[in-house]
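**Q** So that we are looking at the same thing, I have put the structure below in structure tokens.
Bear in mind these aren't lab numbers, they're just calculated from the coordinates by the rules spelled out. Just so it is clear, the structure is predicted and the values come from calculations on it, not from any experiment. We place every Cβ from the backbone using ideal geometry, glycine too, and count neighbours over all the protein chains shown.
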Amino acid sequence: MNKIIKLMLIILAGIDVTVTIFLPIIIAALWIVISGLDSWTAYFFYGLGLLATMFRAIKIGWLQND
């Protein structure tokens with residue numbers, strides 16, 4: 001493979017990992033923008049988004065060790 005194709009694949013892989021990690025927080029933030037912070041469900045979804053992000057980050061970190 002030439003260097004340009006490798007570079008494009010590396011960039012796409014980085015974007016994929018970033019989106020995969022931060023997608024739950026983005027979804028929770030959109031929910032908060034739509035519904036506001038006036039009920040317990042907004043805090044619940046934001047907490048779930050943070051937990052899912054931490055889980056995905058740990059999972060990706062463990063996959064790199066194998």
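**Q** What FRET efficiency, computed as 1/(1 + (r/R0)^6) with R0 = 30 Å and r the Cβ-Cβ distance, is obtained for L9 and R56, rounded to the nearest 0.05?
**A** 0.90
**Q** Once you compute Rg and the Kirkwood Rh from C-alpha atoms, what is the Rg to Rh ratio for segment 3-65?
**A** Rg divided by Rh gives 1.17.
**Q** Just to check I understand the Karplus step: with θ = phi - 60° and J = 6.51 cos²θ - 1.76 cosθ + 1.60, what whole-Hz values come out for segment 16-21, glycine and proline as x?
**A** Once rounded to whole Hz, the list reads 4, 5, 4, 5, 4, 6.
**Q** Can you sort F45, F22, F55 by how many other beta carbons sit within 10 Å, fewest first?
**A** Sorted ascending by nearby Cβ count, the order is F55, F22, F45.
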